[in-house]
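Single-structure report; data block below.
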Ligand code: URA
């Protein structure tokens, strides 16, 4: 089981960076590690500083230099520096800026940055931005695909038919909705509930990654293929990952079927319940009622 990051790493990293600086090494190049990983599957743990970097809400202009200078050695952050993997540095962001960004982020800031979002075409037909809902300190976070009609009307995730089933599952685990956090890959309803397009996901998912980094859940459950494929950066179907723990940004990630899929395929409920029992075991939950109907 992957433990929480080593608490001494931020200090070690800061000292190491000061050491490099004293040696006159001020430039750190964009890590080949990220590009080397691109396209490889499956993709487990990603570092938290990488998170900060990938959580840029808008595409970075390609003209930005690939090399960055460390200019502010005083601001190393515990959380960004706690990544157990090499730290890729975003073009245009110093490592310290990336670290600070992770350290100082909050759900309020993320929501504020989303604003009255017009970054992609999904804004044209949405009524409400569905940011996410629940306990910001939740140990358990669910990630769905995107709002449907009811969510778009109410501004809350998973409140329609699939949402009711999700609520039942949460309660069967011995929890209430207010104990967990629920968010989606895209925050605006795709017209006719179509699957979000790649570019829409690319624009919106950085906000989800930041939400995950702020909440720091112990367990992250991907509901359905879009959530799993987005977080794991793969094209593989959810059945490939089901029932299997993966590491993701300091959390344990489990992918399972989407509740909407269960509404169409009730026979798959048993598999999902098995997955949720794995989650319950990790979180030390006894469960309330046994398998949801
Ligand atoms: N389906 C999702 O993926 N998310 C919701 O919020 C509702 C339905």
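Where a number appears in this text, it was derived from the coordinates with a stated rule and is not lab data. Everything quoted here is computed from the prediction, not taken from an experiment. Here Cβ is always computed from backbone atoms with ideal geometry, including for glycine, and neighbour counts include all displayed protein chains.
Report relative contact order for segment 112-247 in percent, whole number only (criteria: Cα-Cα under 8 Å, sequence separation at least 6).
With pairs under 8 Å counted, the relative contact order is 32 percent.
Where both bridge residues fall in segment 134-287, DSSP classifies roughly 25% of the beta bridges as antiparallel. Sorting 239, 106 by the number of Cβ atoms found within 10 Å of their own Cβ, with the fewest placed first, yields 106, 239. Each Cα pair under 8 Å and six or more residues apart adds its sequence gap; the mean of these over the residue count of segment 111-172 is a relative contact order of 29 percent. Under the simplified labelling scheme, the residue 113-residue 192 pair shows an inter-label distance of 3.4 nm, with each label point 7 Å from Cα along Cα→Cβ.
Ranked for footprinting exposure by Cβ neighbours inside 10 Å, fewest first, 248, 142, 131 give 131, 248, 142. Based on other C-beta atoms within 10 Å, arrange 181, 257 from fewest to most. Neighbour counts put them in this order, fewest first: 257, 181. Pairs of alpha-carbon atoms within less than 8 angstrom and 6+ residues apart define the contacts here; what relative contact order does segment 142-218 have, in percent? Normalised by residue count, the contact order of segment 142-218 is 37 percent. Packing around the peptides 199-206, 108-115, taken as the average count of other Cβ atoms within 10 Å per residue, puts them in this order, highest first: 199-206, 108-115. State whether segment 136-245 is rounded, prolate or oblate according to the following rule on the C-alpha gyration tensor (a ≥ b ≥ c being the square roots of its eigenvalues): a/c under 1.5 gives rounded; otherwise a/b larger than b/c gives prolate, and the remaining case gives oblate. It comes out rounded by the Cα gyration axes. Label segment 161-210 by shape, choosing from rounded, prolate and oblate, from the square roots a ≥ b ≥ c of the eigenvalues of the Cα gyration tensor; if a/c is under 1.5 it is rounded, and otherwise prolate applies when a/b is larger than b/c, oblate when it is not. Oblate, since a/c reaches 1.5 and b/c is not below a/b. From most to least packed by mean Cβ count within 10 Å, the peptides 184-191, 220-227 give 220-227, 184-191.
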